[in-house]
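**Q** Take a look at this one; I'll ask things after.
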Amino acid sequence: MNRCTSELLESFLVDYGWAFRRESESGSGVKVEGTSLWKTGFRGEEHIFPLSIIMTETWISFVIQPFVPLSVDWESWPEISRLLLELNARATMAKFSISAEGRIELGIEVLNAGFTYESFTLTMGLLGYYADCYYDEILSGLDHLGYSYTESLNLLT
């Protein structure tokens, strides 16, 4: 099967009507052969989500970074991990994780081989659905664990 190229993925973004910028050859700043990174974002029903798209020869990762603008209190990470694992058990394809910086992320990884525009639109639709579906639930779970946030701004404090 043919792999998706950087140019083809950019054409999908253009056809989808999204503004984006190509960042670097890797998200970490370390050049990894065959890896490309794009930054974009989207507005869900009530929130704006920053999106990174990372392409390798094998995978294309669509990651909302951060999904919740929070640096995890490492004293509470077991409870937060449990919350995310429970949500992961209910989500199909999309997965929640905690980045090395302690931020909650939401992502979908798909195979690069045979990736088409239909695959792209399905992936974007799923990511948007899960982002809208679980955002308030995560905030509620964090509130239950002792985090507080400003409802009007949806910012964690």
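Just so you know, all these numbers are worked out from the coordinates, no wet-lab data involved. Source: prediction; values computed, not measured. Because the Cβ atoms are built from the backbone with ideal geometry, glycine has one as well, and the counts that use them run over all protein chains shown.
**Q** With θ set to phi - 60° and the Karplus curve 6.51 cos²θ - 1.76 cosθ + 1.60, what are the ³J(HN,Hα) couplings of segment 119-127 in order, to the nearest whole Hz, using x for Gly and Pro?
**A** Calculated HN-Hα couplings, in order: 4, 4, 5, 5, 4, 5, x, 5, 4 Hz.
**Q** Turning to a different aspect of this structure: Is any residue of segment 60-103 close enough, with backbone N under 20 Å, to a label point placed 7 angstrom from the Cα of residue 119 along the Cα-Cβ axis, and if so, which?
**A** 60-64, 92-95, by backbone N distance to the label point.
**Q** What does the extension gain come out to for residue 143 and residue 97, with contour length at 0.36 nm per residue minus their alpha carbon separation? Write down the numbers at each step before the final one.
**A** On the way: separation 46, 0.36 × 46 = 16.56 nm, distance 1.81 nm.
Residue separation times 0.36 nm, minus the Cα-Cα distance, leaves 14.7 nm.
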